[in-house]
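In what follows, a structure is listed as structure tokens, so that the remarks can point back to it.
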There are 2 protein chains.
Amino acid sequence: MKLLDKAHMYEGQEKFLVAVDCIVFGFDSKEIKLLLFRRRVEPLKGKWSLIGSFIKDYLSIEESAKQILYESTGLKDVYLRELKTYSTIDRDPGERVISVAYYSLIRIDEYKIESVEKYDAHWFSLDEVPELILDHGQMLEDAITKLRLKTKYEPVGFNLLPEKFTIPQLQIFYECIYQKKLDNRNFRKKLLSFDILIKSNEKDKLSSKKGAFLYRFNQKKFDSFIASGRSFEL
Amino acid sequence: MKLLDKAHMYEGQEKFLVAVDCIVFGFDSKEIKLLLFRRRVEPLKGKWSLIGSFIKDYLSIEESAKQILYESTGLKDVYLRELKTYSTIDRDPGERVISVAYYSLIRIDEYKIESVEKYDAHWFSLDEVPELILDHGQMLEDAITKLRLKTKYEPVGFNLLPEKFTIPQLQIFYECIYQKKLDNRNFRKKLLSFDILIKSNEKDKLSSKKGAFLYRFNQKKFDSFIASGRSFEL
DNA sequence: GCAAAAGTGTTTTCACTACACCCATGA
DNA sequence: TCATGGGTGTAGTGAAAACACTTTTGC
């Protein structure tokens, strides 16, 4: 079998337009936010949309997503996970486009305003999301469901909070996700029992006069926590 | 804005070959099995591979997956879920092909031997899987991880067992997934406490002289079980 | 009558829940 | 001094885990 023949094996097969769309979540220590963009090109120019683009021939789809995220937020190495492909033949009324959706969790305090402004972007709180183009509303819904599910077994909150965060901040994040109040004593007790945080001596006084101690996430300890077979659920 | 203009908006954008691959799981009341196919076309003809094909221009990717599954196993309406897209630019050494992987759970007693033979297929137990083409080994690994995770909150076992099954059969499935022995008293107690099974008067005597009662899954009761906010974990 | 799998209850253990007050500080 | 959010302990409840013997029947 000659490998070189292979280039011809797939001739005659139809090819497709392939895009990525990113659902970008943030958290401002009060509520979960969504980053949306005004579409800059026809068709549907000016409508609110997820950030997206056609994929590049020299990049994997994930790399394409990373690149568009970098361009539009100035952030590298963000938390990025595949959500789902959207491929109904008429989802784009003009021409068939297959879109692979990714969701991303970013630190709202770190994104670059310049990039965001250049792309005509805006943070929306989840209950004030405007109408979105195409099936982007469905993508968002699916992403929220997935995020909620994922939160049950993975410490996603640390990707949204600043590198140094307080326990009350983290609790508010979980309250947003689960959409219910949590008991602060029980929350703190369980969280600290996991022994995956590093306490600092600094306090954050932005949200109280007494101030709350700042912590960092300890990836190493978390890894061995998981390796020991325990499950992360708050 | 004229909608008809849109057909031209995407001109000049590169198009890609898009395929689906299906990881097909079965369960023979002893162990979890994987359905593999000998590739019928060059390149790599004769090698073991997941079942797959290029997608159709008149079908969504999921529909394409359903169709190839129907052709190769004779089964319709099977449990089918998207796994992940595989899109590194050199994953297929001949030409760039983007593949969307799906995993499927089928009743090993229901698939059509004719279709399977026509496609040169074979059931392998998970620890005797031969080397697979391209990144199909990676796909399988990812699918097993996902299946294991999914089992924790969804009753996937019922899709693999025959329509009428015994509690010991179901327990063996969970023992396979979790890779550990379970206590039969605790298993039975918890399972029955969910009240989502219908007991029949028939017994299955294939695996014991005493015989074990056959049960069916009650989808309606399961739906209200979930609606009541409880979580399915065995 | 015996081998082989099905089926059955109770006790212990541990994790989750509910619950209320003091602390530190800036204004 | 008071308003605000941060931080702490304990008792009670319920679910999971550990554990061993009897039943049925084909051979």
message = Quick check on my filter: what residues within the range A:209-234 are polar (S, T, N, Q) and either touching a residue at least 24 places away in the same chain (Cβ under 8 Å) or outside any loop (DSSP other than H, G, I, E, B) (or both)?
response = A:Gln219, A:Ser224, A:Ser231
ask   = Does A:Ser125 satisfy the condition of being of a type in the set (Gly, Ala, Ser) and within 15 Å of DNA strand C (Cβ to nearest atom)?
value = no
task = Among the residues of the range B:211-229, count how many are within 15 Å of DNA strand C (Cβ to nearest atom), basic (Lys, Arg) and exposed (fewer than 11 other Cβ atoms within 10 Å of the Cβ).
result = 0
query = What do you reckon, is B:Ser208 assigned by TED's automatic domain parsing to the domain that holds B:Pro168, surrounded by 10 or more Cβ atoms within 10 Å (Cβ to Cβ) and farther than 14 Å from B:Phe158 by Cα?
reply = yes
note = Among helices (runs of 4 or more DSSP H) entirely inside the range A:156-203, those with 2 or more residues being more than 14 Å from every other protein chain (Cβ to nearest Cβ), more than 12 Å from DNA strand C (Cβ to nearest atom) and of a type outside the set (Val, Ile, Thr) are A:157-160, A:167-178
remark   = So, first residue within 12 Å of chain A (Cβ to nearest Cβ) in the range B:137-155, second residue part of a helix (DSSP H, G or I), Cβ within less than 7 Å, six or more apart or across chains; the pairs are B:Arg148/B:Ile177
query = Restricting attention to the range B:217-234, which residues are over 22 Å from the mean Cα position of the chain (by Cα), of a type in the set (D, E, K, R) and within 13 Å of DNA strand D (Cβ to nearest atom)?
reply = B:Arg230
inquiry  = For the condition among the polar types (S, T, N, Q), loosely packed, with under 11 Cβ neighbours inside 10 Å and within 16 Å of DNA strand D (Cβ to nearest atom), what is the one hit in B:Gln179, B:Gln171?
reply    = B:Gln179
note = A:Leu214 vs (1) at pLDDT 95 or above; (2) among the aliphatic types (A, V, I, L, M); (3) more than 9 Å from DNA strand D (Cβ to nearest atom): all pass except (3)
request  = Check whether at least one residue in the range A:122-133 is outside any helix (DSSP H, G or I), more than 16 Å from DNA strand D (Cβ to nearest atom) and within 14 Å of chain B (Cβ to nearest Cβ), and report yes or no.
outcome  = yes
ask   = Quick one: how many residues across the range B:64-83 are of a type in the set (D, E, K, R), more than 9 Å from chain A (Cβ to nearest Cβ) and not in a loop (DSSP other than H, G, I, E, B)?
value = 3
Whichever residue in the range B:53-91 is over 17 Å from A:Thr85 (Cα atoms) and out of contact with any helix residue (DSSP H, G or I) (no Cβ under 8 Å at 6 or more places or on another chain) and, among such residues, is surrounded by the fewest Cβ atoms within 10 Å (Cβ to Cβ) = B:Asp77
inquiry  = As an exercise: evaluate A:Glu110 against (1) among the acidic types (Asp, Glu); (2) buried (at least 17 other Cβ atoms within 10 Å of the Cβ); (3) within 18 Å of the chain's Cα centre (by Cα) and give the number of the one condition it does not meet.
reply    = (2)
ask   = In this structure, does B:Phe232 turn out to be touching a Pro at 6+ places or on another chain (Cβ under 7 Å) and away from DNA strand C (no atom under 16 Å from the Cβ)?
value = yes
remark   = Given (1) within 16 Å of DNA strand D (Cβ to nearest atom); (2) closer than 20 Å to B:Ile23 by Cα; (3) among the aromatic types (Phe, Trp, Tyr), B:Phe194 misses just (2)
request  = Would you check if A:Asp127 is out of contact with any helix residue (DSSP H, G or I) (no Cβ under 8 Å at 6 or more places or on another chain) and on the phi > 0 side of the Ramachandran plot?
outcome  = no
inquiry  = Any residue that is under 23 Å from A:Gln138 (Cα atoms) and away from every other protein chain (no Cβ under 14 Å) - is there at least one of those in the range A:84-97?
reply    = no
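The values are calculated or read from the model by the stated rules, or taken from the named source; none is laboratory data. Just so it is clear, the structure is predicted and the values come from calculations on it, not from any experiment. Glycine gets a Cβ as well: all are built from the backbone with ideal geometry, and neighbour counts include every protein chain shown.
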